[in-house]
Each structure stands twice: as C-alpha cells, then as structure tokens.
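Worksheet for the structure shown next.
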Amino acid sequence: MNLDFSDDQKFLKEEARKFLEKENALARNRNVLENESHIDEELWKKIVALGWTGIRIPEEYGGLGLGHLELCVIAEELGRFLAPVPFSSSVYLFTEALIIYGSDEIKKELLPQLISGDAIGTIAVTEEFFAPIAENINVTCNNGKINGKKIAVPDAGIATHVIVVAKSNKGVSLNIVDLTSEGVSVEHQENIDESRGHFSITFDNVDSQLLGDAVSGWDLYETLINQAAVLFSYEQIGGSQAALDMAVNYAKERYAFGRPIGSYQAIKHKLADMYIALTLAKSNCYYAAWALSTNSSDLASASATARVSSTKAFQLCSKENIQTHGGNGFTWEYDCHMFYRRSKLLSLNLGSLSNWREKLVTSLEQSNIN
C-alpha cells in the first residue's frame, strides 16, 4: 500500500501553493471579511482559468479527467491560505454529485459550465439547527416541484445551482434547482466566517431535475459526503499547518525578558501539542485519500477518522496560535482570528465533530459485522 503522493501530484501541490502565495490569497480573505463580499471574484476567475474546477471532470465534457488525489493536494493548499472562493461547495459536492449520479444529459448541460465558471453549485440539506437525518427532511418534491426552506447553505448567495435533498411519497431524493428560477428566495445568514458565506433558501413550487433516483437519495447523499469529507479534511490540515507555522515563527521572533518566547517550556508544550495533533491528522488523511482514490470498502471509516482528527487538529492549532501570539493574537490586525474562524466553520460543514465520531463508530461496527 502506497500512502504517498506521486511526483506529479507533489509538483501540482507546490505550484498551487506558489500561485496562492503570489495572489496573496490570505490577504484577499481579510479583504473579503472587511467588505462582507463572501468571495474574491478575481481570485475565483484565476482559479477557473487554471482549470482547477475541472480536475475531476472527464475529458469528454471538457475537464482534465484527473483523480481524487489531485483534488486532495489542491484542497490542502486552498486551506493553507483560507482562499475565499466557493471551491468546496461547487467542486467537492455539486460537481462530484453530477459526476457520480448525473445522467449524460445533465452532465453535458452543466459540467462544461462548472469548468468555465459560468455555473457555481452548492448543496442544501439542513433545515433545523441540528444534524439532518432522512426522517427529519421536510422540504418536499412532488411532480418535480420543490417546496420548503433550507438553512445554512454554503455559498448560496453566489451559486447558480443547488442540489436539494427533499422527500416525496416515494422517499428522499436529490434534486437540482436553478437558483435563478421563479419561486426561489435566498437570504443571507450571519456566521463566524463570512469569507465562506451561508444562506437560507426558500422554495415555492420551484422546478427541479432529479439526480439519481427518487427513492435512495439519502444513501446517495451519505456516499457523497463520505467522499467530500476527505477533501474537507485536507483543507483542515492545510489550515492547521499554516496556523502552526505562524505560531512557530512568532515564538522565534517574539522576545520576553531578553529571550525568545519559544525558549520557554509553556510555549514549547503548546507547539508540541499542535505538531502532534497535526501529524496524526495528516496520517489519517493520507489513508483516507488512498481509500478514496481506490474506492476502498474502508472509505466510510477512513473518511470519518480523517474528519475527526483533522477537525480536532485545526481547532487546536488555530486556538493555540492565538494563545502563542498573546495579546496580539486577539487583534483584528493579526491573521490568527481568520484561521480560528475557518476552523470553527469547517468543524460544522458536513456535520459536527460528534456526528463524525458517531459515523466512525457505526462504520467500524458495520465492518466487524461483515
């Protein structure tokens, strides 16, 4: 079993890092927060021009036809710089759902638009302030018409299309809705990280296209988020590494009582704890990436393990980065708060830490039964 990336994938990772560093992606994140714009349109256009939105899309639809591992290395670098773009919503979730479940007609219609940036996608699942389950889905789809309200939909204010998890008398289904359609109302909802804006969407008898089948939509959604969880985990370890690097560099440069603060045991222990949590998360993410790329039967447990460890690592690293910076860490002028914001937001995307712990236990129990 090879848990390392190939030379080509490492090269892609390095080039992505150089690009995002050159484009001052972290500074762009701050600018988005200050202007409450939810996206840096210029950076998004440049990412689209590089072809990142088509990494997983087959060549027959105009994409690059690459694999999940290439997407993992891009996700890590986007997380490192907190890039204020709708990449996770549109690529990890919407595009991937179309690739897996879409008919050839839907693929021909939407995949080229997603590559060119003419379309941006997202997914709408949550309806109440607790983890959604199939039995609690109240948004309906009858005769192709969607009715009801979804909340906390990421990037819905800038998206053109959304996959709606809805129920009918047949079961739960996934349904594609054009957000420019009549009867769609989108409203902003405040959250801790406005560089990744969240919105509520109300549907009033809105036309939709079925994705997959009308019966097993919840199982399709679970499969989708098991895959997406690996990519979100890579964003988290990218952010964790950046927060750790910030803390280490500050500890070397900041002096107290004539010595670098990094020479004091209390700071050393903080940095060591951050490093250990991140290293554990990286190892779990490597295994999850392998499971994803090989369509392993271990994917459910591997993605849950990666998700739990990367969430804990990012939360710890972002928090201790603030503490290492002392009073400066709590100011708007330092970048620490941006990593803390993103860590809190990502810890809830696709479900909370406790949800993924439960998924891990369930998947391991199922593996033992089989």
Checklist entry - Which strands (runs of 3 or more DSSP E) sit wholly inside the stretch 158-248 and have at least 1 residues that are of a type in the set (A, V, I, L, M, F, W, C) and without any contact (Cβ under 8 Å) to a residue 24 or more places away in the chain? => result 184-189
Checklist entry - Is one or more of the residues making up the stretch 298-321 more than 13 Å from residue 230 (Cα to Cα), touching a residue at least 40 places away in the same chain (Cβ under 8 Å) and part of a loop (DSSP other than H, G, I, E, B)? => result no
Item to check | Any chance residue 253 is under 16 Å from the mean Cα position of the chain (by Cα) and of a type in the set (D, E, K, R) | outcome: no
Next on the checklist: Suppose we keep only residues that are free of Cβ contacts under 8 Å to residues at least 60 places away in the same chain and among the aromatic types (Phe, Trp, Tyr) within the stretch 322-351. Which one would you say is nearest to residue 34 (Cα to Cα)?
Outcome noted: 332
Next on the checklist: Being surrounded by 24 or more Cβ atoms within 10 Å (Cβ to Cβ) and over 22 Å from residue 221 (Cβ atoms) is the filter here; which residues of the stretch 291-335 pass it?
Outcome noted: 309, 313, 314, 317, 318, 321, 324
Checklist entry - Restricting to the stretch 238-282, what's the tally of residues that are in contact with a Phe, Trp or Tyr (Cβ under 6 Å, 6 or more places away or on another chain) and either surrounded by fewer than 14 Cβ atoms within 10 Å (Cβ to Cβ) or among the hydrophobic types (A, V, I, L, M, F, W, C) (or both)? => result 1
Next on the checklist: I want to confirm something. Restricting to the stretch 336-370 and keeping residues that are assigned to a helix (DSSP H, G or I) and of a type in the set (A, V, I, L, M), which single residue is surrounded by the fewest Cβ atoms within 10 Å (Cβ to Cβ)?
Outcome noted: 369
Checklist entry - Residue check: is residue 16 more than 27 Å from residue 189 (Cα to Cα) and either assigned to a loop (DSSP other than H, G, I, E, B) or not assigned by TED's automatic domain parsing to the domain that holds residue 239 (or both)? => result yes
Checklist entry - Does any residue of the stretch 136-143 turn out to be out of contact with any Asp or Glu (no Cβ under 8 Å at 6 or more places or on another chain), at pLDDT 95 or above and under 30 Å from residue 3 (Cβ atoms)? => result no
Item to check | Where residue 50 falls short, out of the listed (1) among the hydrophobic types (A, V, I, L, M, F, W, C); (2) within 23 Å of residue 191 (Cβ to Cβ); (3) exposed (fewer than 15 other Cβ atoms within 10 Å of the Cβ) | outcome: (2)
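State yes or no: is residue 156 touching a helix residue (DSSP H, G or I) at 6+ places or on another chain (Cβ under 9 Å) and among the small types (Gly, Ala, Ser)?
yes
The values are calculated or read from the model by the stated rules, or taken from the named source; none is laboratory data. Everything numeric here is computed off the predicted structure, so don't read it as measured data. No Cβ is skipped: glycine too gets one built from the backbone with ideal geometry, and neighbour counts run over all protein chains shown.
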